[in-house]
1. Report relative contact order for chain A in percent, whole number only (criteria: Cα-Cα under 8 Å, sequence separation at least 6).
2. Could you tell me the total accessible area buried at the B-A interface, probe 1.4 Å, in square angstrom to the nearest hundred?
3. Using a 1.4 angstrom probe on heavy atoms only, work out the carbon and sulfur share of the accessible area of the stretch A:121-210 in %.
4. Counting heavy atoms of the protein chains only and a 1.4 Å probe, report the per residue accessible area for chain A as a whole number of Å².
5. With charges set only on the Cβ (+1 for Lys and Arg, -1 for Asp and Glu), what does the dipole of the stretch A:160-291 come to about its Cα centre, in debye to the nearest 20?
6. Does the protein assembly as shown come out rounded, prolate or oblate by the C-alpha gyration tensor, with a ≥ b ≥ c the root eigenvalues, rounded set by a/c under 1.5 and, if not, prolate when a/b is larger than b/c and oblate if not?
7. Using the crude model of +1 on Lys and Arg Cβ and -1 on Asp and Glu Cβ, and no other charge, please compute the dipole size for the stretch A:5-48 relative to its Cα centre, in debye to 20.
8. Given R₀ = 51 Å, what would the calculated FRET efficiency be for B:R152 paired with A:K267, taking r from the Cβ atoms and rounding to 0.05?
2 protein chains.
Amino acid sequence: MAVTMNDVARAAGVSLKTVSNVLNDYEFIRPATRQKVHEAIAELGYEANLTARSLRSGKTRMLGLVLSDLSAPYYAELASKLMKVASGRGYRVLVEQSGATVENETNALQGPFRQLTDGLLFTPLAMEADAVAAGRGNKPVVLLGEHILDPRFDLVTMKNEEAAKVVTAHLLAGGRRRIAVVGVHPEQSEGSGGMRLRGYRKALDEAGIEFDPELLAPCTWRRDEGAAAISALLDRGVTFDAVFGLNDALALGALHELLIRGIEVPKDVAVAGFDDIDEARFASPSLTTVSPGMDEIAERSIGLLIDRIEGLEPTDGGVHVEAGFILKIRESAP
Amino acid sequence: MAVTMNDVARAAGVSLKTVSNVLNDYEFIRPATRQKVHEAIAELGYEANLTARSLRSGKTRMLGLVLSDLSAPYYAELASKLMKVASGRGYRVLVEQSGATVENETNALQGPFRQLTDGLLFTPLAMEADAVAAGRGNKPVVLLGEHILDPRFDLVTMKNEEAAKVVTAHLLAGGRRRIAVVGVHPEQSEGSGGMRLRGYRKALDEAGIEFDPELLAPCTWRRDEGAAAISALLDRGVTFDAVFGLNDALALGALHELLIRGIEVPKDVAVAGFDDIDEARFASPSLTTVSPGMDEIAERSIGLLIDRIEGLEPTDGGVHVEAGFILKIRESAP
DNA sequence: CTGAAAGCGCTTACAG
DNA sequence: CTGAAAGCGCTTACAG
C-alpha cells in the first residue's frame with residue numbers, strides 16, 4: 001500500500017535501522033549512506049507513518065489545549081498564536097472545549113484526550129487545585145490563567161492585579177472619581193476577576209478615594225451581561241463617571257448600553273476594559289484597555305510545556321511565569 | 001506499564017478477540033461473557049490505546065479543519081461549532097491554519113497533517129480547483145466556502161448571492177438609493193465576494209436603479225481596511241446614503257469611520273453587513289446583517305464528511321449543500 | 001459465538 | 001557506524 005521504511009531500506013540497500021537513524025538525525029552515519037537513503041526516500045516518495053511512530057515511541061508531538069470555548073475572542077486569538085508558536089517547534093495543538101464544567105475539565109485531564117497529547121495547556125475554570133493535582137497524571141501540564149495559583153503547578157499568567165491598578169489609576173488621573181466595575185463575581189476573591197478587582201481597590205486606596213460597593217455590577221463575563229449589568233446600575237440610580245469592565249467584552253457591552261441611553265463617552269462617562277481584543281481598537285469610540293501580553297504568554301507557555309516534555313526544564317517545583325502588559329489609551333478614556 | 005487488552009482478557013478468562021469484540025460492540029456475544037469483560041475492564045481501569053487502534057485500523061477518528069486564521073471571529077465561531085457537532089458523533093477536530101497561502105494549503109492537503117485525520121474540511125482560499133482535485137488523495141474532502149464551486153467536490157456553502165440580494169433590497173426598501181459596497185476585490189467575480197456583489201447588482205436591477213461603479217470600495221476583508229476604504233470614498237467626495245459591507249468586520253470598520261466623521265447612522269447613512277458575528281448585535285448602533293446559517297453549515301458539513309468516511313453517503317459525484325439564511329434587521333439599517 | 005495467529009510501521013535495546 | 005530481532009497494543013481475516 002503506502003511506502004514503508006522497509007521499502008526505503010531495500011531500495012537503498014541498507015537495513016531498517018539505518019533508515020531510522022537517518023530519519024532521526026542520528027549523528028554517526030557515513031555521509032554516503034545518508035545520501036543513499038535520502039535518494040531512496042525521494043525516489044519512492046516515502047513519508048513516515050506518524051501513528052506507527054507514536055505507538056512505538058509513546059510520543060504524539062501534539063499538545064492539548066483545554067479552554068472553555070474557542071469562540072470567545074480572547075481564546076480564539078490565543079489558540080491561533082499558540083498553534084503558530086507550537087508549529088515552529090514541530091508540534092501541533094489539539095483543542096478541547098470544556099464549557100467550564102467540572103465534568104468536561106476532568107475528562108480533558110484524565111480521558112482519552114490525554115493519550116493523544118504529550119502535554120497539556122490547561123485553563124482550569126471549574127476544577128479545584130487539589131482535583132487537578134490528583135488527576136494530572138505524569139505527563140506535563142502547564143496551567144494558563146488565574147483560577148488556580150498554586151506552587152505545585154507550572155503556570156503562565158498575566159499581571160492582573162498590577163494591570164488593573166494601572167487602568168484604574170489612569171481613570172483617576174483623568175479626574176474620574178466614581179468608577180463602576182462591571183463583571184464582579186460576588187463571592188470570588190480568586191481568579192482573574194478577583195485579582196483585577198483587587199488592583200482596582202489598590203488604585204483607589206493609593207489615591208485616597210473611598211471604595212463604594214454600590215459601584216460593583218456583578219455579572220458573568222459576556223458582552224450582553226455587561227450591557228445588562230450597567231443598565232441595572234443606571235436603573236438603580238447609582239451615579240458614576242467611569243466604567244471599568246473586567247474584560248473587553250464587558251466593557252464593550254457597557255459602552256453599547258451607555259450610548260443607547262444617550263450617555264456620552266468619554267464626556268459623561270469614561271470606559272476602560274481589559275484584554276485588548278482586536279475589536280477594542282475598532283469600537284466607537286475606540287476602547288481604552290490593557291494589552292496583557294498575549295504574544296509573550298503564547299511563547300512562554302508553549303516553551304515551558306515543550307521543555308517539560310523534552311526534559312529540558314530542570315526546575316523541580318512549579319515554574320511561575322508572569323507576562324508583561326501595556327496600557328492602551330484610546331478614545332473611550334483618554 | 002499501562003493496562004492492555006491482554007490483561008483484561010486474562011482477568012476475564014477470555015481471549016483477546018473477545019475483549020475486542022466487546023469493545024467494538026459486536027452483536028453476537030453471550031451476555032455473560034460481555035459482563036465478565038466489562039467487569040474486568042472496570043476492575044483494572046483499562047482504557048483503549050487510541051494510537052494502537054489507529055495504526056491497526058487506519059482510522060484516527062479525527063477530522064482536519066483547514067482555514068486561514070482561527071483568530072478571525074467567523075472562523076473561531078465556526079470551528080467551535082464544528083468541534084461540538086463532531087464530538088457528538090465521536091470525532092475530534094484538528095485545526096490547521098493556512099494563512100491563505102498556496103504553500104500552506106497544499107501542505108495541509110498533502111502533508112503529514114492528512115495522515116492524522118480521516119477526512120478534511122477544507123476552506124480553499126489560495127489554491128485553484130484543479131490543484132485541489134489533483135492533490136486531494138483518496139480520503140474524503142469536503143470544501144467549505146465559495147472560492148471553489150466545482151461539481152467534482154463535496155461542498156457546503158451559504159446562499160451568498162441570494163442573501164446579498166435580500167440585504168440590498170432591504171436597504172432599497174428603506175429608501176436608500178446610493179449604496180456603497182465595501183470589500184470588493186477588483187478582478188474577482190468568484191468567491192464569496194463576487195457572489196455577494198452579484199446579489200447586490202441583481203437587487204439594484206430589479207429595483208430599476210442604475211449600478212454606479214464609483215460606489216465600489218475595494219479592500220481586503222479586514223476591519224481596518226473597511227474603515228480605510230470608506231474613508232477613501234468620502235475623501236474622493238463620493239456621495240452615498242447606505243453602506244453594504246461584504247462581511248460584518250468590514251461593515252463594522254465602515255461604521256466606526258462614519259461615526260468618527262460625524263456622519264449619523266442610520267439617519268445619514270444606513271449600514272448593513274454579512275455574517276452576523278456575535279459582535280454585530282452589540283455594536284453601537286447594532287448592525288443589520290445576514291445570518292448565514294452557521295449552525296446548519298456546521299451540522300451539514302460534519303455530517304457529510306463523516307458519512308463519506310464511513311461509507312454512508314452513496315452519491316458518486318460531488319454533493320452540494322446550501323444552508324439557509326436569515327436577515328437580521330437592527331438599528332444600523334432599520 | 002469464541003480462539004490463535006498475523007501484522008499495521010515504526011523505534012528501541014542489544015550486538016557487533 | 002550498521003544489522004537482525006523484538007515489540008508498542010491493538011484489529012483483522014481465518015478457523016472452528
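1. 15
2. Details: alone 16550 and 16560 Å², together 29490 Å².
By this definition, chains B and A bury close to 3600 Å².
3. Numbers: 1830 of 3810 Å².
Exposed carbon and sulfur together represent 48 percent of the surface.
4. 44
5. Numbers: 14 positive and 21 negative charges, 46 e Å.
In debye, rounded to 20, the stretch A:160-291 gives about 220.
6. In terms of gyration-tensor shape, oblate.
7. Rounded to the nearest 20 debye, it is 220 debye.
8. Values: r = 59 Å, r/R0 = 1.16.
Result of the calculation: an efficiency of 0.30.
The values are calculated or read from the model by the stated rules, or taken from the named source; none is laboratory data. Worth saying up front: this structure is predicted, and the values here are computed from it rather than measured. Quick reminder, even Gly has a Cβ in these numbers, built from the backbone with ideal geometry, and neighbours come from all protein chains shown. We work out accessible area using only protein heavy atoms, side chains counted, and drop any ligands, DNA or RNA first. Shrake-Rupley method; radii C 1.70, N 1.55, O 1.52, S 1.80 Å.
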